[in-house]
Number of protein chains: 2
Amino acid sequence: MFEQLALIGCGLMGGSFALALKRAGLVRRVVGYSQSSATTERARALGVIDAAAPSAPLAVTGADLVLLAVPVAATENTLKSIREQLKPDMLVMDVGSTKRDVVDAARRALKQDVGLFVPCHPVAGREVAGVEYADADLYNGKHLIITPIERTLAPKIEQADALWRALGCNVARLSPEQHDAAFAAVSHLPHLIAFALMNSIAAQPEGAAFLSLAGPGFRDFSRIAASTPQVWRDVLVANREEVANQMRHFQQALAELQARIDAGQTDELERLINRASRARANWRSSPASK
Amino acid sequence: MFEQLALIGCGLMGGSFALALKRAGLVRRVVGYSQSSATTERARALGVIDAAAPSAPLAVTGADLVLLAVPVAATENTLKSIREQLKPDMLVMDVGSTKRDVVDAARRALKQDVGLFVPCHPVAGREVAGVEYADADLYNGKHLIITPIERTLAPKIEQADALWRALGCNVARLSPEQHDAAFAAVSHLPHLIAFALMNSIAAQPEGAAFLSLAGPGFRDFSRIAASTPQVWRDVLVANREEVANQMRHFQQALAELQARIDAGQTDELERLINRASRARANWRSSPASK
C-alpha cells in the first residue's frame with residue numbers, strides 16, 4: 001500500500017495506472033500534474049486524481065510512488081525537475097515505449113539517485129488519447145517489461161515487479177537494448193507502417209472514397225495509426241537505429257513477396273503467405289495474445 | 001425466399017452465407033459442394049448444408065440461387081463446369097475480393113448467360129478458415145459491393161441487392177475497376193504488408209523472443225496475416241497492377257516519414273503522424289467502421 005502517488009502526466013496511460021491502483025486498494029491518495037492545467041483539472045473532475053499539483057516537484061512532495069507518464073523525450077527534464085524532492089523511500093517509474101533513451105536520460109538527470117528509478121514499459125495502449133479514456137483495466141493481462149540497469153536498486157525492482165503483478169500484468173525483465181530491439185520489430189515499425197498507410201491513402205484524390213469502403217480488416221490493421229502523435233514522434237526518433245534495422249528486414253520480406261507476384265509464381269507466393277499465416281496463427285494461440 | 005441454394009465452396013465465407021440465409025428464413029434447402037469431400041461432409045455434419053453434392057453441376061441442378069465461394073482464380077473453371085445447368089430463373093453470385101478478373105472469367109465461362117451472374121464482394125472475413133468457423137453474423141453490418149457489367153441483368157442485380165440487405169449488409173455498387181482500385185488500397189496492400197511483417201520477424205533468430213513480447217497493437221495490426229493463403233495468393237496476383245500502384249504511394253509516404261526521423265525533424269515528423277492519426281480517427285467515427 002502506497003500513501004501517495006505522484007502522477008506526472010495525466011493522460012490515458014497515467015490515468016489508467018491511477019485508476020487501477022485505486023481499484024486494487026494500493027494507494028491512499030493520488031496527486032497529479034500535467035503540463036496543461038486543463039488536463040490536470042479534468043483528471044481531478046473525473047476522480048482519476050484526488051488533488052491537482054501546480055508543478056511536478058510539488059506533486060512529488062510527500063509521495064512514496066512517482067509515475068512518469070509523459071512522451072519519452074520529456075523524461076530528462078521531468079526527472080531533473082523533481083530530483084530535489086526525491087527521497088530514498090520513494091519508488092520512481094515510467095511507462096515509456098523506448099528504454100535506452102529513458103535510462104540514459106535517468107542517468108543524466110538523477111545522477112547518484114538513479115537507483116530509485118525503475119524503467120518500465122507496459123505493453124498496452126488504446127487508439128484514443130486523454131484522461132477521459134482512462135481505464136482501470138488497461139494493464140490487466142498485459143505484458144510489463146522492466147529494464148533495470150546495474151545501478152537500479154534491487155528492492156526497488158522487486159517493489160515495481162510486485163506492484164505491476166498486483167495490477168494483473170505479466171512482468172518480464174530485459175536489458176534496455178533487448179527491449180528496444182524487440183519493440184522496434186513488434187510495435188515501433190508497425191506503428192510507422194500504419195502511419196504511412198493512412199497518409200498514403202489520405203493523400204490520394206480518391207482516398208476518402210476508398211476509406212468509405214474499408215472493412216474490419218482495415219479497421220484492425222490501421223487502429224494503431226490513431227495513436228498519440230507526440231508519443232510516437234518521440235518513440236520513432238529515440239529508437240531510430242533499431243527501427244531502421246527492422247525496416248530493412250521488412251523491405252526484404254516485402255520485396256520477396258512482390259517478386260513472386262510480379263512473376264506470377266503462385267506456388268512460391270502461396271508458400272510465403274502460408275509461412276506468414278502459420279506464424280501469425282501460432283502467435284494467436286500463445287498466452288501473449290490473450 | 002429461395003427454394004435451393006447451391007453452395008460451391010463450403011468454407012468460412014460460403015458456410016457463413018448459408019447459415020445467414022437459413023437464419024433469415026430465406027432458403028428452404030442448401031446443397032453444398034467442395035473440392036475436398038471431407039470439407040463437404042463436415043459442412044453437412046455441422047448443419048451448414050443440408051445435402052452434399054458429388055460435383056458442382058450436381059449441386060446446381062434444381063437450385064434457384066448459386067453462390068461461388070472459391071479462391072478467385074478458380075472462378076472461370078467453376079463457372080464453366082456449371083454452365084450447362086444454368087437456367088434463366090437462377091441468380092448466380094460470387095464472394096471474391098477482386099472483381100475485374102472475376103467478371104472477365106464470367107464473360108469467358110458463361111458467354112450469353114453472363115447476365116445471370118452478379119459479381120459480389122462482401123467486405124468481411126476472419127483470420128481463421130474453414131466451415132467450422134462459419135458464422136451467421138459474419139456479413140451483418142458489413143459492406144457488400146456489387147460490381148455489375150453492362151450485360152448483368154437488372155432484375156438479377158435488384159435480387160442480389162435485396163438479398164444481401166436482408167442479411168444486414170450495406171450494399172454499394174461500383175464498377176469492377178473502381179472496386180479493384182479501392183480494395184488494393186484498403187485491403188490488398190494491407191494484407192501484403194502484414195504477410196511481409198510476419199515473415200520478416202519470423203525469419204530473424206530472435207523472432208520468437210520478439211513475438212513473445214508483442215501486445216494488443218501487434219495483435220490487431222497482424223490479424224489479417226493469418227488469412228487463408230490460397231485466397232490471398234489469387235487476390236494479389238489478380239489485382240497486381242493496382243496493388244503495385246498502391247505500393248508506390250505507400251513507399252513514398254513511408255520514405256517521407258523515414259526522412260524526418262533520420263533528420264531528427266521532430267516538428268515535421270509530428271505533423272505527419274498527426275495527419276495519419278486524424279485520418280484514422282475520422283474514419284473510426286464513420287458508420288463504415290461500426
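The values are calculated or read from the model by the stated rules, or taken from the named source; none is laboratory data. Computed from a predicted model, the values in this text were never measured in an experiment. In this analysis, Cβ positions are derived from the backbone assuming ideal geometry, glycine residues included, and neighbour counts consider all displayed protein chains.
Restricting to segment B:230-244, what's the tally of residues that are out of contact with any Ser or Thr (no Cβ under 8 Å at 6 or more places or on another chain) and farther than 13 Å from B:LEU192 by Cα?
Result for segment B:230-244: 2.
Taking the condition β-branched (Val, Ile, Thr) and touching a residue at least 60 places away in the same chain (Cβ under 8 Å), does A:VAL60 pass?
no
Working only within segment A:175-204, note down all residues that are within 14 Å of B:ALA209 (Cα to Cα) and free of Cβ contacts under 8 Å to residues at least 40 places away in the same chain.
Within segment A:175-204, A:SER175, A:GLN178, A:ALA182, A:VAL186 meet the criteria.
Quick check: anything in segment B:150-167 among the polar types (S, T, N, Q) and under 16 Å from A:PHE210 (Cβ atoms)?
no
Of the residues A:ALA196, A:ALA134, which is of a type in the set (A, V, I, L, M) and closer than 30 Å to B:ALA255 by Cβ?
A:ALA196
So for segment A:148-164 (the condition being within 11 Å of chain B (Cβ to nearest Cβ) and basic (Lys, Arg)), does at least one residue qualify?
No, segment A:148-164 contains no residue that is within 11 Å of chain B (Cβ to nearest Cβ) and basic (Lys, Arg).
Given the criterion touching a His at 6+ places or on another chain (Cβ under 8 Å) and either surrounded by fewer than 24 Cβ atoms within 10 Å (Cβ to Cβ) or at the interface with chain A (Cβ under 10 Å from one of its Cβ atoms) (or both), identify the matching residue among B:VAL186, B:VAL231, B:VAL243, B:VAL237.
B:VAL243
Go through (1) within 21 Å of B:ALA279 (Cβ to Cβ); (2) touching a Lys or Arg at 6+ places or on another chain (Cβ under 6 Å); (3) more than 8 Å from chain A (Cβ to nearest Cβ) and name the single condition B:ASP180 misses.
Just one mismatch for B:ASP180, condition (1).
Does A:PHE17 count as within 16 Å of A:LEU167 (Cβ to Cβ), surrounded by fewer than 24 Cβ atoms within 10 Å (Cβ to Cβ) and at pLDDT 95 or above?
Here the answer is no, as A:PHE17 does not meet what is asked.
Which number in (1) at the interface with chain B (Cβ under 8 Å from one of its Cβ atoms); (2) outside any helix (DSSP H, G or I) marks the one condition that A:ALA196 misses?
(2)
Across segment A:138-171, what is the number of residues that are under 15 Å from the mean Cα position of the chain (by Cα) and assigned to a helix (DSSP H, G or I)?
Residues meeting the conditions: 1.
Are there helices (runs of 4 or more DSSP H) fully within segment A:35-93 with at least 2 residues that are polar (S, T, N, Q) and out of contact with any Asp or Glu (no Cβ under 6 Å at 6 or more places or on another chain)? List them.
A:37-45, A:75-82
Which condition does A:LEU26 not pass, out of (1) in contact with a Gly (Cβ under 9 Å, 6 or more places away or on another chain); (2) surrounded by fewer than 24 Cβ atoms within 10 Å (Cβ to Cβ), if it passes all the others?
With (1) in contact with a Gly (Cβ under 9 Å, 6 or more places away or on another chain); (2) surrounded by fewer than 24 Cβ atoms within 10 Å (Cβ to Cβ) applied to A:LEU26, the lone miss is (1).
For the list (1) outside any helix (DSSP H, G or I); (2) crowded, with 23+ Cβ neighbours inside 10 Å; (3) at the interface with another protein chain (Cβ under 7 Å from one of its Cβ atoms), I need the number of the one condition that B:GLN204 fails.
The number of the failed condition is (2).
Does any residue of segment B:120-128 turn out to be more than 12 Å from chain A (Cβ to nearest Cβ), within 15 Å of the chain's Cα centre (by Cα) and touching a residue at least 24 places away in the same chain (Cβ under 8 Å)?
yes
So, in segment A:172-184, exactly how many residues are among the charged types (D, E, K, R) and within 15 Å of the chain's Cα centre (by Cα)?
1
When residues of segment B:238-290 are filtered for being modelled with pLDDT of 95 or more, within 24 Å of the chain's Cα centre (by Cα) and not aliphatic (A, V, I, L, M), how many remain?
10
For the structure I just gave you, tell me whether B:ASP135 is among the charged types (D, E, K, R), touching a Ser or Thr at 6+ places or on another chain (Cβ under 6 Å) and either more than 7 Å from chain A (Cβ to nearest Cβ) or assigned to a strand (DSSP E or B) (or both).
Yes; evaluated as a whole, the condition is true for this residue.
Whether any residue in segment A:70-80 is under 16 Å from A:CYS120 (Cβ atoms) and surrounded by fewer than 17 Cβ atoms within 10 Å (Cβ to Cβ) is what I want to check.
no
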